[in-house]
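Computed from the coordinates by the stated procedures, all read-outs in this text should not be read as laboratory data. Keep in mind that this is a model prediction, so the values were computed, not measured. Every residue, glycine as well, gets a Cβ built from its backbone with ideal geometry; the counts of neighbours run over all protein chains shown.
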Amino acid sequence: MQAEAVTWSQQVAARRKCRPLGGAAPMTVFEALEVAELLPLPPAPFVLARWSTASVGPDIHIKVGRTLYSVPWKLIGRKVDVRPTATMIQVFHDGQLVETHPALDQGKRTDKSDYPPERIAFQMRPPV
C-alpha cells in the first residue's frame, strides 16, 4: 500500500496541472526552484533538551529532577541556566558553560574540583 502511494504521488499527483502554481505541475516547480535550495541533513541528530533555571545551594549543588549536580563554588547563591538532555546536564552562568555532568536518574553527582581550594584538601584527605 505504501509503495503504491509513493508511485501514485510521483506519477500522478506530481505531474498534474495545479491552479495555484499557474497551471504548472508540482514536480516541475519543485525541480526548477526548490531542489537547489535543499541542504543535506546534519551529521549528528538533533538533541532534544528542556532549559530551566536553578539556584546554587550553599553545598555547591543544584537540583535537576531528582538529582543533585555540583557547580563551581563561586556560584553559590546565584541562578544558573540548566540544559538537561537524555545523556548529560550542562550548566550555564551568564551564557557561559560552567559545568557538564553525565545525566543520572537520581542521586548526587559531585565534581571535587567544584569545591573551594580549602575544601578540596579536606575532600582529598585519606580516611583515618
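Points to keep in mind about this one:
- Residue with peak Gaussian network fluctuation, the chain [Cα springs, cutoff 10 Å], from ARG50, ARG16, ARG78: ARG16
- Among residues other than ARG50 with Cβ under 12 Å from its Cβ, the summed charge is 0 (Lys and Arg +1, Asp and Glu -1).
- Taking θ as phi - 60° and the Karplus parameters 6.51, -1.76 and 1.60, the scalar couplings of region 49-54 work out to 9, 10, 7, 8, 10, 9 Hz in sequence order, x denoting glycine and proline.
- Our coupling estimate for region 12-17, obtained by passing each phi through the Karplus curve with A = 6.51, B = -1.76, C = 1.60 and θ = phi - 60°, is 10, 5, 6, 10, 7, 5 Hz, Gly and Pro reported as x.
- Taking the chain and dividing mean pair separation by its residue count, relative contact order in percent (alpha carbons under 8 Å, at least six apart): 17
- Counting Lys and Arg as +1 and Asp and Glu as -1 over every other residue whose Cβ lies under 13 Å from the Cβ of GLY107, the net charge comes to +3.
- Cα gyration tensor shape for the chain, rounded if a/c is under 1.5, else prolate or oblate: prolate
- LEU97/LEU39 FRET efficiency (R0 30 Å; Cβ-Cβ; nearest 0.05): 0.65
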